[in-house]
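All remarks here apply to the structure that follows.
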Amino acid sequence: MTEAATQSPIPVEPSFEPLKGMRSLRVLARLLDYPTQELQDASGELIEILNAERRLGENLKTALMDWCQRTQESDLLELQAEYVALFDKGRATSLLLFEHVHGESRDRGQAMVDLMNEYQAAGFELDARELPDHLPLFLEYLSMCDEAEIGRWLGEIRHILALLTARLEERGADYALVPLALLALVGAESDVEEHRLQVKEEAPDNTPEALDAVWEEEAVRFSASSDEDCALQSAEGRRLAERKKTVQSDPVKIMPSAWGASPSSTVADR
């Protein structure tokens with residue numbers, strides 16, 4: 001993961017305020033960020049926001065809040081090592097959404113441009129060098145959208161979220177709670193079940209042998225005969241992916257809720 005991936009992406013002067021009640025999406029974004037002392041110090045605030053979230057079941061909310069508490073009490077270096085092991089080694093648990101969609105497709109670049117255009121049209125500008133399909137950054141954007149837009153996007157990526165949940169659960173990682181919570185927001189937690197058998201049969205891609213094989217494969221790809229092939233097949237190019245354009249996802253709505261008062265400015269708003 002690049003240095004930028006360890007930094008929290010921060011929107012610069014958005015043109016509108018986040019929808020009340022969707023601040024929980026910002027909490028989920030923070031929980032998927034590289035662990036920092038700031039995150040540990042803010043655990044109490046994150047728990048307060050999660051506790052006010054009426055769209056999640058009590059069991060899931062409790063699991064998320066317990067995780068926040070463990071994060072606060074854990075050794076920071078151990079948390080960071082766990083994060084690197086989960087998200088920096090191999091692609092199975094990548095937080096780059098489109099990497100799960102088209103893999104090696106050569107048509108991914110335009111989709112990244114399209115997503116950036118959506119961000120900019122909504123007044124969401126990036127103060128980080130992270131790619132736009134990085135899930136924590138994407139959740140920052142969703143936290144500023146209305147319910148219809150949130151439902152549309154979560155509906156489009158629900159298959160990715162379900163697969164990511166199953167893979168993280170298989171590794172016994174608390175991080176599985178984030179994609180599971182996103183599925184719960186649209187009533188799609190059961191989607192995870194269809195991926196469990198597949199995940200159990202997958203060969204691990206984070207072993208030294210698997211990582212060496214990837215490096216060897218990339219070395220071969222860099223020998224492409226044209227500059228265009230080199231660019232498309234480079235390590236940076238592999239980070240590009242495209243949003244589905246031709247397949248319409250089923251209509252999805254955010255689960256109903258009754259909102260109470262929310263806390264004032266917290267780390268979730270930064």
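The values are calculated or read from the model by the stated rules, or taken from the named source; none is laboratory data. Being a predicted model, the structure only gives us computed values, none of them experimental. In this analysis, Cβ positions are derived from the backbone assuming ideal geometry, glycine residues included, and neighbour counts consider all displayed protein chains. All accessible areas refer to the heavy atoms of the entire protein, side chains included, with ligands and DNA or RNA removed. Shrake-Rupley method; radii C 1.70, N 1.55, O 1.52, S 1.80 Å.
Tabulated data
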| item | result |
| --- | --- |
| From A203, A210, residue being modelled with pLDDT under 95, outside any helix (DSSP H, G or I) and small (G, A, S) | A203 |
| Checking G123 against (1) in contact with a helix residue (DSSP H, G or I) (Cβ under 9 Å, 6 or more places away or on another chain); (2) in contact (Cβ under 8 Å) with a residue 12 or more places away in the chain, the condition it does not meet | (1) |
| Residue within the stretch 36-49 that is more than 28 Å from A188 (Cβ to Cβ), outside any helix (DSSP H, G or I) and in contact (Cβ under 8 Å) with a residue 24 or more places away in the chain present | yes |
| Hits in the stretch 23-35 (condition: aromatic (F, W, Y) and in contact (Cβ under 8 Å) with a residue 60 or more places away in the chain) | none |
| Any hit, the stretch 140-147, residues being modelled with pLDDT under 85 and open to solvent by less than 40 Å² (accessible area, probe 1.4 Å) | no |
| Enumeration of residues in the stretch 176-198 that are open to solvent by less than 10 Å² (accessible area, probe 1.4 Å) and either of a type in the set (F, W, Y) or in a helix (DSSP H, G or I) (or both) | A176, V178, P179, A181, L182, L183, A184, L185, V192 |
| Whichever residue in the stretch 64-88 is more than 16 Å from the chain's Cα centre (by Cα) and not in a helix (DSSP H, G or I) and, among such residues, is surrounded by the fewest Cβ atoms within 10 Å (Cβ to Cβ) | D75 |
| Cross-chain or 6+ apart pairs with Cβ under 6 Å, the stretch 76-101 first and of a type in the set (G, A, S), then outside any loop (DSSP other than H, G, I, E, B) and crowded, with 19+ Cβ neighbours inside 10 Å | A92/R167 |
| The stretch 107-135: number of residues that are at pLDDT below 85 and polar (S, T, N, Q) | 1 |
| Qualifying residue in the stretch 56-63 (condition: within 22 Å of F87 (Cα to Cα) and either modelled with pLDDT under 95 or crowded, with 19+ Cβ neighbours inside 10 Å (or both)) | no |
